[in-house]
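Only one structure is covered here, and it is reproduced in the block below.
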């Protein structure tokens, strides 16, 4: 139950003003993102590829053991957004990476 003195924050996703406590609960309940070994991943982590991956559209293969730095989590807990020297806009599935 919300009190009259509670702060409200504008939620851009819903377009409504919501109680700050409700948005804090929502943020805490977000899905955890884990790598192939079950380690918890976070924005900015470095990961290592656990198998060779053919990159669609780039005509290139990323080799097992390649280090990918500064990952970014996406809305999908099975995918991470990252950069590689030769490939921009690379999205990898978490099942093919291990936290470094």
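Just so it is clear, none of the values below were taken in a lab; they were calculated from the coordinates. Predicted model only: the values in this text are computed from it and were never measured. Methodologically, a virtual Cβ is constructed for each residue, glycine included, from the backbone with ideal geometry; neighbour enumeration extends over all protein chains shown.
A few notes on this one:
- Measuring nothing but alpha carbons in segment 41-100 and taking Rh as the Kirkwood radius, the Rg to Rh ratio lands at 0.91.
- Placing a pseudo-label 7 Å from each Cα along the Cα-to-Cβ vector at residue 17 and residue 79 gives an inter-label distance of 3.6 nm.
- Take every pair of alpha-carbon atoms less than 8 Å apart whose residues are at least six positions apart; their mean separation over the length of the chain yields a relative contact order of 24 percent.
- For the peptides 38-44, 92-98, 11-17, residues were scored by their other Cβ atoms within 10 Å and the scores averaged per peptide; the highest-first order is 92-98, 38-44, 11-17.
- Extending 7 Å from the Cα toward the beta-carbon at both residue 63 and residue 46 defines two label points whose distance is 1.8 nm.
- Each Cα pair under 8 Å and six or more residues apart adds its separation to the average, and for segment 47-99 the resulting relative contact order is 33 percent.
- Computed helical MRE - 222 nm, the chain, DSSP H runs ≥ 4 contributing -39500 (n - 2.57), nearest 500: -2500 deg cm²/dmol
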